[in-house]
1. Could you look through the range 144-156, keep only residues that are of a type outside the set (D, E, K, R) and open to solvent by 40 Å² or more (accessible area, probe 1.4 Å), and pick out the one that is nearest to N101 (Cα to Cα)?
2. Hey, could you check the range 215-242 for residues that are open to solvent by 20 Å² or more (accessible area, probe 1.4 Å) and of a type in the set (V, I, T) and say which is modelled with the lowest pLDDT?
3. What pairs can you find where one residue is in the range 192-206 and over 10 Å from Q165 (Cα atoms) and open to solvent by less than 10 Å² (accessible area, probe 1.4 Å), the other is among the charged types (D, E, K, R) and in a strand (DSSP E or B), and their Cβ atoms are less than 9 Å apart, with a gap of 6+ or different chains?
4. Please go through the range 180-209 and pick out each residue that is more than 14 Å from the chain's Cα centre (by Cα) and under 30 Å from S107 (Cα atoms).
5. What is the residue count in the range 38-62 for residues that are surrounded by 13 or more Cβ atoms within 10 Å (Cβ to Cβ), among the β-branched types (V, I, T) and under 27 Å from the mean Cα position of the chain (by Cα)?
6. When you scan the range 168-185, do you find a residue that is free of Cβ contacts under 8 Å to residues at least 40 places away in the same chain, buried (at least 16 other Cβ atoms within 10 Å of the Cβ) and farther than 22 Å from T35 by Cβ, even just one?
Amino acid sequence: MDGGGRSFVLHIVVLCLTQCYNSHADILQGPSNVTVLAGSNASFVCTVDKGWQSLTWFINGIFSVSITPTSGTVVQNPQITVTNSTNTGNEAFTSQITIINVSYSNSGMIQCNVLEVVPKDAYLTVQVDGSLKITNGSITTTPNSTVYLACEFLNWFPVPLITWQLNNTDVSNSQYITDFVRGSDNLVSGTSMLRITAQDNVIVTCLANIDKLPAPKSTSVDLTIKESTSEPSYGDRWKTSQQNSEYLRRMEDRGFGENNSAYTPEPSPLPDNSFIESNGYSEIISNRIPQSQVSVSGDSDTQSRKIRHLTLV
């Protein structure tokens, strides 16, 4: 039997002896909920009354730490450190566990358990700041041309707030659309598409923020305006048409505009703000559906939808 197995058996023996003598102590203060950023440390504290015989910590239902007055502290998880202390006045015992360098997989229930006493629970929430990139890179275009920029965010939790800036000035959320999907690991990935008509050189910035980030994560590209006396090439015209089609398709998926099967892609102005959802988000689950139909848990029944081009009016 390895060391971990022996310590667990010893812990069970102590529990049995304690139960035979019918000795127990109350939990004076249980652990509190904690939310931290991935890569940080998360600490939980449990204080029990004098006369305690055994205290155990469970993380996501897994036996992780055992503490007894006679055998001391046994830690089953190398990611955990333990600090114990006894109040010299009232003899209350306090145990603090710290989970080092947390990852999203550490999210879940933390439980302090004392024999014959209702356990005290807390929840660890780990937020994840994933990657962020404007996939187009820097762009050179002609004055008054319509430009589409795509900002890709990968492996975030929870859903980040995506915003855009032009020369450090916030862009109205009526100028961009943000879609996202949840992976099997519940992490969030997606794309925000910005549509602008530029007249001067500008620095375009995409920002992503979650609660525990000290400042939003950002990525920037340069949009350079250059006069041109030549007609756009076929490749440039085709690219613009495809970008416009993608933008309009996303608008259709959100339920805006009217179906028009005879539509041929061409630049089209955005609808006014009254047509835009206030948060600028729609979520993709199997097939795209309006976010208003998506439950908080991400579970939703969806049906396939036939996608046609649309004309915005």
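The values are calculated or read from the model by the stated rules, or taken from the named source; none is laboratory data. Predicted model only: the values in this text are computed from it and were never measured. Cβ: placed from backbone, ideal geometry, glycine included. Neighbour counts: every protein chain shown. Remember, those area values only see protein heavy atoms, side chains included, never the ligands or the DNA or RNA. Shrake-Rupley method; radii C 1.70, N 1.55, O 1.52, S 1.80 Å.
1. First pass over the range 144-156, keeping only residues of a type outside the set (D, E, K, R): 144-151, 153-156.
In the following step, the residues that additionally are open to solvent by 40 Å² or more (accessible area, probe 1.4 Å) were identified as 144, 154-155.
On the way: N144: 49, L154: 21, N155: 18 Å.
Only one residue fits best here, namely N155.
2. First, pick out the residues of the range 215-242 that are open to solvent by 20 Å² or more (accessible area, probe 1.4 Å): 215-220, 222, 224-242.
Remaining after also requiring of a type in the set (V, I, T): 219, 224-225, 229, 240.
Numbers: T219: 98, T224: 94, I225: 93, T229: 60, T240: 54.
Here the answer is T240.
3. These pairs meet every condition: S192/E152; S192/D179.
4. Filtering the range 180-209 down to residues more than 14 Å from the chain's Cα centre (by Cα) leaves 191-207.
Passing the criteria: T191, S192, C206, L207.
5. 2
6. yes
One line per residue, one yes/no per condition, for (1) acidic (D, E); (2) part of a strand (DSSP E or B); (3) in contact (Cβ under 8 Å) with a residue 60 or more places away in the chain; (4) more than 23 Å from F157 (Cα to Cα):
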| position | (1), (2), (3), (4) |
| --- | --- |
| S85 | no, yes, no, yes |
| N90 | no, no, no, yes |
| N101 | no, no, yes, no |
| C112 | no, yes, yes, yes |
| V117 | no, no, yes, yes |
| L124 | no, yes, yes, no |
| Q127 | no, yes, yes, no |
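Let's see how each residue does on (1) at pLDDT below 95; (2) of a type in the set (V, I, T); (3) in contact with a Ser or Thr (Cβ under 8 Å, 6 or more places away or on another chain):
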position	(1), (2), (3)
V118	yes, yes, no
S131	no, no, no
T142	yes, yes, yes
F153	no, no, yes
T163	no, yes, no
N168	no, no, yes
